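The values are calculated or read from the model by the stated rules, or taken from the named source; none is laboratory data. Just so you know, these numbers come straight off a predicted model, no measurement behind them. Using ideal geometry, Cβ is built from the backbone for each residue, glycine included, and neighbour counts are taken over all protein chains shown. When the accessible area is computed, the model is the full protein with side chains, heavy atoms only, and any ligands, DNA or RNA have been set aside. Shrake-Rupley method; radii C 1.70, N 1.55, O 1.52, S 1.80 Å.
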Amino acid sequence: ATLLAESDYEQAGDVPLSAPAPAPAAVAEPAVPTAELVVQKSRNAYPLESRLTLIGRHDPVTGVHPEVDLSKEEMGKSVSRRHATIVFRDGLFSLPEEIGTLNNPMVNGATLEPGVMPPLLDGDEICLGAVKMNFNLRRTG
């Protein structure tokens, strides 16, 4: 129950002048849709299950544990420990440019531009170093 202060009541009676306005309803973020990265060479699928998904190589020394660990996909180390991050925001997946990677991520053959976050579309090809993957929105139902 909402408690009203004495100043919220009229002097002559106990009728509230105005009840406090209800708090605005929080706008719910859309749920993360079911999507995955599928490595072209091995056909291994890596689910994208959160709003931020780190892609890279596991490194026990520094403690880096990416959600999409490409350690077994490419042994030449062309993939950095923290090579890329897929972001889900405003209903879209995107792949922002990652500062400091040696082999800049590419989407459909184009190198990402600084500050630009193009949306990822179903079937887009993503290259991280020597690893080529496809972004797939998985169909449900």
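Structure above, values below:
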item	result
Meets criteria (modelled with pLDDT under 85, more than 28 Å from A31 (Cα to Cα) and not hydroxyl-bearing (S, T, Y)) for G100	yes
Selection within the range 105-131 - touching an Asp or Glu at 6+ places or on another chain (Cβ under 6 Å), at pLDDT 90 or above and open to solvent by 70 Å² or more (accessible area, probe 1.4 Å)	N108, A130
Pair list, Cβ < 9 Å and 6+ apart or interchain, from the range 63-74 residues that are of a type in the set (S, T, Y) to residues that are surrounded by 15 or more Cβ atoms within 10 Å (Cβ to Cβ)	S71/G56; S71/R57; S71/D59; S71/V79
The range 64-91, subset assigned to a strand (DSSP E or B) and over 12 Å from the mean Cα position of the chain (by Cα), residue farthest from M106 (Cα to Cα)	V64
Scan of the range 32-50 for residues that are of a type in the set (G, A, S), in a loop (DSSP other than H, G, I, E, B) and at pLDDT 95 or above, ordered by number	S42
